[in-house]
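The values are calculated or read from the model by the stated rules, or taken from the named source; none is laboratory data. None of these values were measured; they are calculated from a predicted model. Cβ: placed from backbone, ideal geometry, glycine included. Neighbour counts: every protein chain shown.
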Amino acid sequence: MSFFAKFLASSLQRSRIVGRKNLMAFPLVPLRILRPWRHHPYPGAVSLAMMGPSSERPSVWLALSVLAGLPLALWAYKCLMLVIFQRKIIYMGYAPIGARDEDLADVPKDQLKGLVCEEINIANGRTSSLSGIVVRSKTDSNPKVAIIYFQGNAGNPLHRLPVFQTLLSTPSPTRVPLHIISVAPRSYWKSTPRRPTQAGILSDYRHVLDYALTRYPSIPIILYGHSLGGAIAVCLTSQLSDSKNPKHRSISYYSDPRYQQIKGLILENPFTSVPDMVQALYPERWVPYRYLAPLVFDKWNAHSAMTRASNRQPGAPETVLDRLRRDSLILVSEKDEVVPPQMSLRLAAAARNPADLSNAPKAKILEGALHENAWQTRTWRIEITRYISEISRTW
């Protein structure tokens, strides 16, 4: 054998030995991956199929952890969702289904009997557009009073047409020709934008007020708020003289001749604040939701605003609310299933000045009425008709 042949054989033998050593030191891809058709486990491995049911009982601590941890986890999750999506609960412009897509043409004819309903649009800046209606009786072309209606937290102005029809058609010797302006704030009906906030809704209704004062420059204006709308009306009028406050420089004094036209305030089933409503809806102390009240974004604290107005110090600027609260009308449904009647009466008490009981608001309990059907009671028709007539005579 030649030298070259011996060298080649020796090199080949050394490469085989080194290769086997490297293979043992650095194994390549496991054979199970290279041959997936092999179904038996690795030697010494235990598959789930080979494991039988365990005869050991779970420990007491494990059972207690599951029983206590699962409800706590669900409560924590729901509390988090309530905080994150709270404005979806407070401002239910999407309810009932289809409320944002309804048109005036969709209203049943019996709800428009004897009425003239005009659809209006009010601009609030470049990105906000407010949709609403102006309703009057066919015989009331020359109104002596105009009402701005602040709706509750659901539906749209079209859903209030039966209320307006009852108010406009109530036979009474003291009945006054009037027009009703009902505008949906942002996120309600066709109004935009779709993200409501307390500051945004107050801005919307300031523009509605400007519209009403411009359209009816020579007749008294009455503000009428139902439920959430009552809190909005209170908070709005409490800001109309805050122009010295840096946060509200754009708001004029009530002594503006146009604001002098605002002569009346009607509150139907108002609440004191949203945090108070949270605690009223969840009175049980063991339920965690009542403790979320401090986390409310839009508090709508009507009680605080009313208290400040009734306890105004001498020399302090008088607000529109301070002037209106003295002769306001507060209607309380006896069997209100949403807002506790005691809460509405508490707001009425806050409107009274202990030092001047001669000028106190009038609170009237509507016997047998619920939160949404107060307008169907005879007392409601009598009290509102009388109040509107009194406002008309003072003008």
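For this structure, a couple of remarks:
- From Ala360, Ala374, Ala293, Ala280, residue being buried (at least 20 other Cβ atoms within 10 Å of the Cβ) and either in contact (Cβ under 8 Å) with a residue 24 or more places away in the chain or touching a helix residue (DSSP H, G or I) at 6+ places or on another chain (Cβ under 9 Å) (or both): Ala374
- Residue check, Leu112 under 19 Å from Lys190 (Cβ atoms) and more than 27 Å from the chain's Cα centre (by Cα): yes
- Residue in segment 202-261 that is surrounded by the fewest Cβ atoms within 10 Å (Cβ to Cβ), counting only those that are part of a loop (DSSP other than H, G, I, E, B) and modelled with pLDDT of 95 or more: Ser218
- Cβ pairs under 8 Å, 6+ apart, first in segment 146-174 and under 21 Å from Asp101 (Cβ atoms) and in contact (Cβ under 8 Å) with a residue 60 or more places away in the chain, second of a type in the set (S, T, N, Q) and in a helix (DSSP H, G or I): Pro162/Gln111
- Annotation: Ser389 fulfils all but one of (1) modelled with pLDDT under 95; (2) closer than 26 Å to Gln261 by Cβ; the unmet one is (1).
- Condition met for Leu345 (under 20 Å from Trp300 (Cα atoms) and in contact (Cβ under 8 Å) with a residue 40 or more places away in the chain): no
Results for (1) assigned to a loop (DSSP other than H, G, I, E, B); (2) more than 25 Å from Asp204 (Cβ to Cβ); (3) under 29 Å from the mean Cα position of the chain (by Cα), shown as yes or no for each residue.
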{"site": "Ile122", "(1), (2), (3)": "no, no, yes"}
{"site": "Leu130", "(1), (2), (3)": "no, no, yes"}
{"site": "Asp140", "(1), (2), (3)": "yes, yes, no"}
{"site": "Pro143", "(1), (2), (3)": "yes, no, no"}
{"site": "Tyr149", "(1), (2), (3)": "no, no, yes"}
{"site": "Leu158", "(1), (2), (3)": "no, no, yes"}
{"site": "Thr174", "(1), (2), (3)": "yes, yes, no"}
